[in-house]
1. Specify the residue that is modelled with the lowest pLDDT; the eligible residues are those in segment 152-172 that are among the hydrophobic types (A, V, I, L, M, F, W, C) and in contact with a helix residue (DSSP H, G or I) (Cβ under 6 Å, 6 or more places away or on another chain).
2. Which of the following residues is at pLDDT below 95, open to solvent by 10 Å² or more (accessible area, probe 1.4 Å), within 30 Å of V90 (Cα to Cα) and basic (K, R): K183, K234, K240?
3. In segment 101-152, how many residues are under 17 Å from the mean Cα position of the chain (by Cα) and either under 17 Å from Y180 (Cα atoms) or in a strand (DSSP E or B) (or both)?
4. Considering each of G255, G225, G212, G221 in turn, give the residue that is under 18 Å from P118 (Cα atoms), surrounded by 15 or more Cβ atoms within 10 Å (Cβ to Cβ) and touching a residue at least 12 places away in the same chain (Cβ under 8 Å).
5. State whether the residues of segment 55-64 include one that is closer than 24 Å to V245 by Cα, out of contact with any Asp or Glu (no Cβ under 6 Å at 6 or more places or on another chain) and open to solvent by 10 Å² or more (accessible area, probe 1.4 Å).
Amino acid sequence: MQFLTEIIENKQVAPGYYFMKLSAPEVACRALPGQFLHVRVNTGTYPLLRRPLSLHEIDSKHGSVSLLYQVRGAGTELLSQKTAGEKIDVMGPLGKGFNLDFSGEEAVLVGGGIGIAPLYPLAGGLISSGKSVTVLIGSRSVESVLAVDKFSAIGCRVRVSTNDGTEGLKGYVTELFEDYLMKTDVDYVYACGPGPMLAEIEKSCAKRQIPGQVSLEEYMGCGVGACLSCACEKEGTDEKKYLKVCTDGPVFTMGEVKLNREP
């Protein structure tokens, strides 16, 4: 579904990170945690391609959805300059979202950087279904730690790691995850972030036979499976087979696709 939607709010929440709320009742009533919007950031031809942005809030009661995004280039820079009342062209909701059904009670959600964005509606859904949720947030420094208060407010336990040690554990969120697994029994894991991070999370889970899902961050062209720019290799096959992140994902079961293990 492609349509024009009005911006309710667009504000900076941390250096280089923005929160945008959109009036989109059609999306809010049927979107699932883990899905995304494909956003046209300008009315002209530059940038040509849309930007895939995870749904960060889904409010069916008020007919709005929100995006949490990082300024990474010209497209998101243009998006950050939009103001309330302007209209933007979006497609969505797109992609396959998270499956919230799993055996057991203890879920751990691991977000690296902007990978925390799609985990908030997921956490809300899990909490509503009676699950116990711990959220591990990884960031470069305290200035870019996102959404701690929001997760805590809905009943999640939250732990933080920063690369420079200015907040929480000093180190990567994968180290925080390993430390948590050594002390706590976990039934299921959800993770979103850079490929190398997801590969380490998947490796830790496989070692302990903990099931889970990963949400991939990939560049996309069309967002609907036609251009194949986001194809990723399927795991466990003798010949190379590919899945499309935009339509087969962005959420995959751990072990379903080959993750980027290079730093």
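The values are calculated or read from the model by the stated rules, or taken from the named source; none is laboratory data. It should be emphasised that the depicted structure is a prediction, and the values quoted were computed from it without experimental measurement. Heads up, the Cβs are rebuilt from the backbone with ideal geometry, glycines too, and the neighbour counts pull from every protein chain shown. Quick note on the areas: whole protein, heavy atoms, side chains included, nothing else; ligands and nucleic acids left out. Shrake-Rupley method; radii C 1.70, N 1.55, O 1.52, S 1.80 Å.
1. Result: L169.
2. Every option except K234 fails the conditions.
3. Here the count works out to 13.
4. Just one listed residue meets the conditions, G212.
5. Yes, segment 55-64 contains a residue that is closer than 24 Å to V245 by Cα, out of contact with any Asp or Glu (no Cβ under 6 Å at 6 or more places or on another chain) and open to solvent by 10 Å² or more (accessible area, probe 1.4 Å).
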